[in-house]
Amino acid sequence: MAREKSNLVLAALFLITIFSSGVFAGTYSGGSGEPNDPYLIATAEDLNDIGNHVEDFNKCFLMVADINLADYTGTQFNIIGEMYPGREFTGVFDGNGHTIFNFTYATTDAYLIGLFGYVNQNAEIKNLTLINPNINAAALSESISCLVSYLENGTISGCGVEGGSVSGNSLVGGLVGYNDSGTIINCYFTGSVSGNSLVGGLVGYNDSGTIINCYFTGSVSGGNCHTGGLVGYNDYYSTISNCYAMGSVSGGNCHTGGLVGYNGESTILNCYATGTVTGGNCYTGGLVGYNDYYSKISNCYATGSVSGDGYTGGLVGINYYQCTISDCYATGSVSGSSDVGGLMGDNYRSQISNCYATGNVSGVEDAGGLVGDHYMGTVLASFWDIETSGQTTSDGGEGKTTAEMKTESTFTDANWDFIEIWDIGENQTYPFLRVYPAGDINHDDIVNFHDLAILADHWLQKK
């Protein structure tokens, strides 16, 4: 009998040791956390429990049901991933097409607020939708978002946020607060975002990161500087392509843009913004507030009305130092005090080519139909509508009548590409950017023998 009791005691101690060591911790609704057998996340308790188990932050997770987090308020939810060695989230979280409802977090002084805090290395978060999140982290908070507060070298794909709001102080984004060399693809946000500085509808600060096929609709407001409909601050070899913003944007002191507030040493390609943009003291643009230092903007447009003070443009507030803007246009009305242009407020030591503007322009000093002012800059093969703009002069470009602006030869005579880049409804529309190249019949962004085969098939059917 004594031996049996001793064995029972040893067994009990063994089980206690195992549980306390975390071997059985975080089993959730099934799975082992391995790539071919991920942890299954089926309940709000499962999702919240991930944050309790640092040992699982490098594991794989798969949502198998929609989850409602309404019972977690204030700071009750356990944010997943911290900015400490060994405590970052470096695993894979697959939403599997499921939805998280009512994620709420409220604090007045915090850093790294989001469903995921610090996401690093080759981590992936994908196929997930958040509905009506409410993140309220004002005062001294930094790096605030709904999904990931700080993304470094990881990937977010196929994720969206519908409705809800995000507020904070600095580095505030609807989806990601700070993107450091990460990739964000096929994502969106449709709620409201507000903050003091570095505020964007999708990302607050995009630092050496890549954003592809993403969009924002809603409203963005910034109190100080660097406010954008999609990204507040886009810097250092970042790329934003095939993206758009359709919400209203209002900024504080400087750098406010319908798509990006500040764009430095970076590329924006095939993007557009359509919302109303209201800036502060300086640098306000329908697409970009401040385009700086070797940056490139190509195949883009803005259609919203723009109002600011100094350096205000329908597309860009200021194009500063060795930057290039090509094959772009702006159609919204523009108003400001000085350096105000239908396309560009000021062009400083930079180049504009194959661009046009049609919006009404009003300003007190240095107002132009295309460019308000430029210093040692170049404006090539670019035009503005002298009738709709109300401006007969511009510091660069050629003024044309509305009829001339709707005539293809006006632009082809200036060597614009109406095969791959531009199209026009002759005598009906201004030029517009092609979504696909003229020969891309199957719309896969490649002109090849598949397109030729489709064309041949149609030709044979008509014979």
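When each of Leu62, Leu40 is tested for being in contact with a Gly (Cβ under 6 Å, 6 or more places away or on another chain), at negative phi and not in a loop (DSSP other than H, G, I, E, B), the lone residue that passes is Leu40. The test for being aromatic (Phe, Trp, Tyr), in a loop (DSSP other than H, G, I, E, B) and either out of contact with any Pro (no Cβ under 8 Å at 6 or more places or on another chain) or surrounded by 24 or more Cβ atoms within 10 Å (Cβ to Cβ) (or both) does not hold for Tyr311.
Only one of these is surrounded by fewer than 21 Cβ atoms within 10 Å (Cβ to Cβ) and closer than 22 Å to Gly228 by Cα: Ser197, Ser167, Ser141, Ser149. Name it.
Step by step, each of Ser197, Ser167, Ser141, Ser149 is checked, and only Ser167 is surrounded by fewer than 21 Cβ atoms within 10 Å (Cβ to Cβ) and closer than 22 Å to Gly228 by Cα.
Looking across the stretch 177-190, the residues that are surrounded by 24 or more Cβ atoms within 10 Å (Cβ to Cβ) and either farther than 19 Å from Ile268 by Cβ or of a type in the set (Phe, Trp, Tyr) (or both) come down to Gly177, Tyr178, Phe189.
Among the residues of the stretch 75-103, just one is exposed (fewer than 15 other Cβ atoms within 10 Å of the Cβ) and under 20 Å from Glu34 (Cβ atoms), namely Gly86. Could you grab me the full set of residues in the stretch 420-446 that are surrounded by 11 or more Cβ atoms within 10 Å (Cβ to Cβ), over 28 Å from the mean Cα position of the chain (by Cα) and at pLDDT 95 or above? Correct list: Ile424, Gly425, Thr429.
For Phe19, all conditions in the list (1) more than 30 Å from the chain's Cα centre (by Cα); (2) at pLDDT 95 or above hold save one; what is the number of the exception? Phe19 satisfies every listed condition except (2).
If we scan the stretch 274-293, do we find a residue that is over 20 Å from Asp373 (Cα atoms) and of a type in the set (Phe, Trp, Tyr)? No: the stretch 274-293 contains no residue that is over 20 Å from Asp373 (Cα atoms) and of a type in the set (Phe, Trp, Tyr).
The lone criterion from (1) more than 15 Å from Ser221 (Cα to Cα); (2) crowded, with 20+ Cβ neighbours inside 10 Å left unmet by Glu265 is number (2).
Taking the listed residues Gly345, Gly332, Gly397, the one that is under 27 Å from the mean Cα position of the chain (by Cα), among the small types (Gly, Ala, Ser) and closer than 21 Å to Leu433 by Cα is Gly332, with no other qualifying.
Given the options Gly377, Gly397, name the one that is buried (at least 24 other Cβ atoms within 10 Å of the Cβ), in contact (Cβ under 8 Å) with a residue 12 or more places away in the chain and touching a Phe, Trp or Tyr at 6+ places or on another chain (Cβ under 8 Å). Working first, answer last.
Details: Gly377 fails: buried (at least 24 other Cβ atoms within 10 Å of the Cβ).
Matching residue, one of Gly377, Gly397: Gly397.
If you take the residues in the stretch 321-330 that are surrounded by fewer than 24 Cβ atoms within 10 Å (Cβ to Cβ) and of a type outside the set (D, E, K, R), which one is farthest from Ser266 (Cα to Cα)?
Keep residues of the stretch 321-330 that are surrounded by fewer than 24 Cβ atoms within 10 Å (Cβ to Cβ), which gives 321-322, 324, 326-327.
Retained after the next criterion (residues that are of a type outside the set (D, E, K, R)): 321-322, 324, 326.
Details: Tyr321: 13, Gln322: 12, Thr324: 11, Ser326: 14 Å.
Among those that are surrounded by fewer than 24 Cβ atoms within 10 Å (Cβ to Cβ) and of a type outside the set (D, E, K, R), it is Ser326.
For Asp385, the test of being in contact with a helix residue (DSSP H, G or I) (Cβ under 9 Å, 6 or more places away or on another chain) and either modelled with pLDDT of 95 or more or surrounded by 13 or more Cβ atoms within 10 Å (Cβ to Cβ) (or both) is passed. Could you say whether any residue in the stretch 87-110 is in contact with a Ser or Thr (Cβ under 8 Å, 6 or more places away or on another chain), assigned to a strand (DSSP E or B), within 20 Å of Asn206 (Cα to Cα) and among the aliphatic types (A, V, I, L, M)? Scanning the stretch 87-110 turns up no residue that is in contact with a Ser or Thr (Cβ under 8 Å, 6 or more places away or on another chain), assigned to a strand (DSSP E or B), within 20 Å of Asn206 (Cα to Cα) and among the aliphatic types (A, V, I, L, M).
The values are calculated or read from the model by the stated rules, or taken from the named source; none is laboratory data. A quick note: this is a predicted structure, and the numbers were derived from the prediction, not measured. Reconstructed Cβ throughout: ideal geometry from the backbone, glycine too, with neighbour counts over all protein chains shown.
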